[in-house]
Amino acid sequence: MVGEPQDDCLFCKIAAGQIPADVVRETETTLAFRDISPQAPTHVLVIPKVHHPDAASLAAAEPAIAADLLREAGQVAGEEKLKSYRIVFNTGSGAGQTVFHAHAHVLGGRGMQWPPG
Ligand code: AMP
Ligand code: ZN
């Protein structure tokens, strides 16, 4: 069923507390934790606790939770004292998505190039 936990999903397991993570914020609907392989001085992932394969699918199915995710990304940036930061939603393997549970990357603490690679 849409939004149900998936047995083979790493982020469902982190959301359920079955796999440890360096959690920085938690709400009823979201969890924010540090990326295990940081690409910037601050690199935090914000996930919905419900399973959707990518950010657009989440927004289509549960728009209020998609809004929670963005709000939390902003809260993380504030707590990390980031004046400038980037929120990234890799979508599809060709764009670098490796975990098919919606997540926002919050990256900051260094200069950023545009366009991204
Ligand atoms: P993406 O490539 O956009 O799907 O992002 C998945 C992210 O999850 C990558 O940046 C990984 O470094 C990160 N990641 C993978 N396993 C873990 C883990 N156990 N804890 C925290 N971050 C992880
Ligand atoms: Zn999942």
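The numbers here are math on the coordinates, done by the rules we state, and not lab data. What you see is a predicted model; the values in this text were computed from it and never measured. Heads up, the Cβs are rebuilt from the backbone with ideal geometry, glycines too, and the neighbour counts pull from every protein chain shown.
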Discussion item. Going by what's in this entry, would Ile87 be described as among the hydrophobic types (A, V, I, L, M, F, W, C), in contact (Cβ under 8 Å) with a residue 24 or more places away in the chain and crowded, with 17+ Cβ neighbours inside 10 Å?
Written reply: no
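Only one of Leu45, Leu70 is crowded, with 20+ Cβ neighbours inside 10 Å and under 25 Å from Gly111 (Cα atoms). Can you tell me which? Even if it seems obvious, please write down each step before you answer.
Numbers: Leu70 fails: crowded, with 20+ Cβ neighbours inside 10 Å.
None of the others qualify; the one that does is Leu45.
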Discussion item. Given the condition touching a helix residue (DSSP H, G or I) at 6+ places or on another chain (Cβ under 8 Å), under 21 Å from Val2 (Cα atoms) and hydrophobic (A, V, I, L, M, F, W, C), answer yes or no: does some residue in segment 30-40 qualify?
Written reply: yes
